Amino acid sequence: MCQNCERQQGFLAELIDSGLLIDTGVDGLYGRSGLFEEVVARFDDLITRYGGQDGAEVARFPPAMNRKHFEKSGYLKSFPQLAGTVHAFEGDEKAHAELLHNVTDGVDWTAGQKSTDIVLTPAACYVLYPVVAKRGPVGKDGALFDLQSYCFRHEPSKDPARMQLFRMREYVRFGTPDQVTEFRATWLERGQEMMASLGMPLHVDVANDPFFGRAGRMLANNQRDQRLKFELLIPIESVENPTACLSFNYHQDHFGTTWGIKTEDGETAHTACVGFGMERVALALFKHHGFDVEAWPAAVRAVLWP
Ligand code: ATP
Ligand code: ZN
Ligand code: MG
């Protein structure tokens with residue numbers, strides 16, 4: 001068989017063939033069909049039905065953040081391999097001519113690009129901490145936010161559930177250790193109930209972030225030992241390595257210290273967040289219930305289209 005005729009196999013190929021995902025020629029960068037987006041929107045609504053009762057402050061940001069805030073966040077210490085920055089041309093006409101030559105010659109034309117004030121958002125909550133810090137101490141009930149953002153991570157993959165640009169919905173809690181751990185415990189329960197109502201095979205497990213390098217291995221071990229991160233896992237691309245569709249993170253005073261966020265009584269605020277991978281949940285639904293949403297189990301349809 002000629003190389004060009006060779007068809008890709010597997011779930012990604014099925015998604016592209018069916019039109020649910022639209023190929024762009026870059027692994028992990030996809031367009032989505034109207035039907036895919038409808039499922040994302042229905043799930044987004046389901047999250048709000050669970051979380052809306054808590055009175056979170058809604059905030060939506062573009063998929064980028066202030067580079068200074070990003071530098072201060074410590075993201076580069078932990079995950080330099082995942083970060084994405086925005087650069088732009090700032091040269092004169094001579095530099096422009098060079099740039100065009102390089103494009104024509106297939107030479108790297110990006111070398112002359114200059115960094116801008118903007119980097120891509122790596123996780124929805126990263127933009128929030130400096131905003132909350134600027135407001136001053138959180139009140140006696142702490143603070144609660146409802147976020148959604150496209151996030152960028154440089155992790156190109158043939159696994160359709162590992163995208164480079166994807167949407168993350170998050171609830172983010174600020175307060176005392178008790179307030180924050182109670183928030184996470186509540187969402188651990190809610191998340192399982194929510195995903196079980198969608199007919200998903202799931203389990204929850206302790207997890208760690210992919211901290212970079214040798215020092216990172218210690219951070220990862222510490223995160224596991226202290227049970228700071230849990231994931232709700234659903235098989236999508238493989239049964240042996242199920243995919244994290246929701247995650248539940250307790251940051252202790254990490255962001256509170258970094259940003260100087262205080263509680264009413266002057267203690268450093270603790271924070272936690274629950275993150276929902278919007279594309280991953282949609283993919284899990286298509287994987288387990290098929291591509292024809294009309295044929296999905298009636299109970300699942302009733303939850304998504306109440
Ligand atoms: P993984 O272990 O699979 O890399 P993660 O631990 O990096 O996931 P988080 O950093 O906790 O994930 O991000 C919050 C949520 O965002 C995850 O629960 C997941 O649903 C989603 N998510 C993370 N990375 C991706 C990605 N590359 N593509 C699509 N969704 C993602
Ligand atoms: Zn978060
Ligand atoms: Mg990851």
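Read the figures in this text as sums done on the coordinates, not as results from a lab. Nothing here was measured: the structure is a model prediction, and the numbers come from that model. Cβ: placed from backbone, ideal geometry, glycine included. Neighbour counts: every protein chain shown.
Data table
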item	result
Over 18 Å between alpha carbons, listed pairs Lys94/Lys114; Lys114/Lys134; Lys77/Lys158; Lys158/Lys229	Lys114/Lys134; Lys77/Lys158; Lys158/Lys229
Relative contact order of region 126-262, pairs being alpha-carbon contacts under 8 Å that are 6 or more residues apart, as %	23
Hydrodynamic radius by Kirkwood, which averages 1/r over all alpha carbon pairs of the chain, in angstrom	21.2
Cβ-defined net charge surrounding Lys229, 12 Å radius [Lys, Arg +1; Asp, Glu -1]	-1
Shape category assigned to region 1-124 from the gyration tensor of Cα positions, a/c cut at 1.5	oblate
Normalised contact order of the chain, rounded percent, pairs of Cα under 8 Å and 6 or more residues apart	20
Neighbourhood net charge (12 Å Cβ-Cβ; Lys/Arg +1, Asp/Glu -1) for Trp305	-1
Distance-filtered residues of region 283-302 - backbone nitrogen under 16 Å, label point 7 angstrom along Asp44 Cα→Cβ	283
Karplus 3J(HN,Hα) series, Hz, for region 162-169 with 6.51 cos²θ - 1.76 cosθ + 1.60 (x for Gly, Pro)	10, 9, 8, 10, 8, 9, 10, 8
